[in-house]
Amino acid sequence: MKILGVGGVFFKAHNVESYRKWWREHMGAELTDWGTMEYASDGKGQTMMAPFKPDSDYFKGSDERFMINLRVDDVAGLIDKARAGGAKIIGEIEDTEFGIFGWFIDPEGIKIELWQEPSDSQNSKE
C-alpha cells in the first residue's frame, strides 16, 4: 500500500460563496453540486506534500501556515487571470529545470503556487 497523492486541500474561508465565485470567474474552476472545486486527472504529473521549517520564507506574502500548489498548463496565462481578478502577484514567473512557477495571494490570503511541468524539449536541454 502507498499514498498516491493529495486528495484535496480543506480550509476555512471568511466568505465561502464569494471565494468560490472568485475561483470560478477568475481562474476557471468548475464547481460541483457540493461546492467543491475538483480537477480531473489527465494521467500526468505528480502530487506531493512537503514540510518546511517554521522560519522558511517560501510562504512569504501570506500569514498562513500552508500554501497550495496547483499543477497547470499555462502559468503565465493563469497569473494574468489571477491579477485581473485582483490577486496580489508574488515575485516573477520562474522558468526552471523543474518547470515554470508563479505565485499569487488569493482572496482569502492563501499563497497559491502554480506549477507547469517542464516540456519534453526543456528536458532534452539537460
Members of segment 5-53 found to be without any contact (Cβ under 8 Å) to a residue 12 or more places away in the chain and of a type in the set (A, V, I, L, M), listed by number: ALA29, LEU31, ALA40, ALA50
Selection status of PHE59, out of contact with any helix residue (DSSP H, G or I) (no Cβ under 9 Å at 6 or more places or on another chain), closer than 21 Å to SER119 by Cα and among the aromatic types (Phe, Trp, Tyr): no
Qualifying position, being exposed (fewer than 10 other Cβ atoms within 10 Å of the Cβ), touching a helix residue (DSSP H, G or I) at 6+ places or on another chain (Cβ under 8 Å) and modelled with pLDDT of 85 or more, among GLU97, GLU108: GLU97
Residues satisfying the stated conditions in segment 15-33, i.e. farther than 18 Å from ASP74 by Cα and either modelled with pLDDT under 85 or in contact with a Gly (Cβ under 9 Å, 6 or more places away or on another chain) (or both): VAL16, GLU17, ARG20, TRP22
Set GLY35, GLY28: member being closer than 21 Å to HIS14 by Cβ, in contact with a helix residue (DSSP H, G or I) (Cβ under 9 Å, 6 or more places away or on another chain) and surrounded by fewer than 16 Cβ atoms within 10 Å (Cβ to Cβ): GLY35
Any hit, segment 53-70, residues being modelled with pLDDT under 90, under 14 Å from the mean Cα position of the chain (by Cα), within 19 Å of TRP103 (Cα to Cα) and among the β-branched types (Val, Ile, Thr): no
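The values are calculated or read from the model by the stated rules, or taken from the named source; none is laboratory data. Worth saying up front: this structure is predicted, and the values here are computed from it rather than measured. All Cβ positions, even for glycine, are placed from backbone atoms using ideal geometry, and neighbour counts span all protein chains on display.
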